[in-house]
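Input: a single structure, listed below in structure tokens.
The values are calculated or read from the model by the stated rules, or taken from the named source; none is laboratory data. Since this is a predicted model, take the numbers as computed values, not measurements. Virtual Cβ from ideal backbone geometry, glycine too; neighbours counted across all protein chains shown.
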Amino acid sequence: MNPLPTLPTLSIDARVATVSLTHAAKRNALDAEAVAKLEQCVVEARREVDAQRSDVVVLRGDGEHFCSGFDLASCAEEPRRVEELLIGLSACVTQLRAIDAPVIARVQGAALAGGCALLTGCDFVVAAYEAQFGYPVHRIGISPAVSIPSLISKMGPAARALLLSNDIIDGRTALARGLATHAVAREALDAEVETLIARLLAKGPQAMRATKRWIREIEERGAGDLGPARGRDAMSFAEARDASVALGQGEEFATMLRAFWAVRSEQTGRPAQTR
């Protein structure tokens, strides 16, 4: 009997490409290998869309959670390893945004830190009422700056409070603030996603592709929420990524992560996952 996969996978069913986070036992937390594989799956899904073999992309997580963020086990030993995770996460979000077809995130349980960042690359976020969203990362001395350009695209001014507060919000609140586009009971989550997929597939795929390209083009001109400065062009995403990386190379992150890790490990009696 083959073991269940633990790295992200891509499956194609008719006109739908589904990228799945498959390490349910770790709440789909992402280590360096998983981030690299996720980027590969998203790039392959984008190629499917470009080849006009897929017209909708779904991003989902197995088990009880969507994605609890980074698995920082290796970073507790060598904090500068977080650089690889942040660079990979930024690449995943950039590739998701570059897909010229609707991208749907199916969210149950935790979508925290890096998991929440992934949602900002998606067009639709279908959330369970009890799902959890937020960036509880300041407590380990890291910044969610990598998320700022794409999070503002979804939430507008409400992004500021979510990024700075460390608050965890549920599916209803995420809907009200613009992070989620749909919120339903957990048992209705799959049906809601399937209904949305059917509605999107009934539309003209070329018209949908053109709409995605124009949304991206207008956002990248830098008007609106961020004022006259560049908004969400490639350079802004790179600068936001580098701001998070710079803090990940600092002593504050190293000290706070190790302290958090020690307490968490003592409480659980085993190495902890850090969100």
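Evaluating Thr6 against the criteria (1) of a type in the set (Val, Ile, Thr); (2) modelled with pLDDT under 95; (3) under 23 Å from Thr211 (Cβ atoms) leaves one unmet condition, (3).
Taken across region 1-12, residues that are of a type in the set (A, V, I, L, M), in a loop (DSSP other than H, G, I, E, B) and touching a residue at least 60 places away in the same chain (Cβ under 8 Å) do not occur at all.
Residue pairs whose Cβ atoms lie under 7 Å apart, separated by 6 or more positions or on different chains, with the first residue in region 76-95 and over 8 Å from Gly248 (Cβ atoms) and buried (at least 23 other Cβ atoms within 10 Å of the Cβ) and the second at pLDDT below 90 and not hydroxyl-bearing (Ser, Thr, Tyr), are Leu89/Val146; Ser90/Val146; Ser90/Phe237; Ser90/Arg241. Restricting attention to region 143-166, the residues being within 28 Å of Arg216 (Cα to Cα) and either assigned to a loop (DSSP other than H, G, I, E, B) or of a type in the set (A, V, I, L, M, F, W, C) (or both) number 15. Between Leu200, Leu151, Leu175, Leu196, the distinction of being under 24 Å from Ala98 (Cα atoms), in contact with an Asp or Glu (Cβ under 8 Å, 6 or more places away or on another chain) and among the aliphatic types (A, V, I, L, M) belongs to Leu200 only.
I'm trying to understand the selection: among the residues of region 109-124, which are in contact with a Gly (Cβ under 9 Å, 6 or more places away or on another chain) and crowded, with 24+ Cβ neighbours inside 10 Å? Within region 109-124, Ala110, Ala111, Leu112, Ala113, Gly114, Gly115, Cys116, Ala117 qualify. Scan region 107-131 for residues that are in contact with a Phe, Trp or Tyr (Cβ under 9 Å, 6 or more places away or on another chain) and polar (S, T, N, Q) and the total you get is 1. For region 1-28, residues that are among the small types (Gly, Ala, Ser) and over 17 Å from Ala105 (Cβ atoms) total 2.
Evaluate the following for Ser147: is it crowded, with 24+ Cβ neighbours inside 10 Å, under 24 Å from Ala234 (Cβ atoms), hydroxyl-bearing (Ser, Thr, Tyr) and at pLDDT below 90? It is true that Ser147 is crowded, with 24+ Cβ neighbours inside 10 Å, under 24 Å from Ala234 (Cβ atoms), hydroxyl-bearing (Ser, Thr, Tyr) and at pLDDT below 90. Taken as a whole, the structure leaves Arg160 outside the set of residues that are under 26 Å from Leu38 (Cβ atoms), surrounded by fewer than 16 Cβ atoms within 10 Å (Cβ to Cβ) and at pLDDT below 95.
Anything in region 9-56 that is of a type in the set (S, T, N, Q) and surrounded by fewer than 22 Cβ atoms within 10 Å (Cβ to Cβ)? List them, or say none.
Thr9, Ser11, Thr18, Ser20, Thr22, Gln40, Gln52
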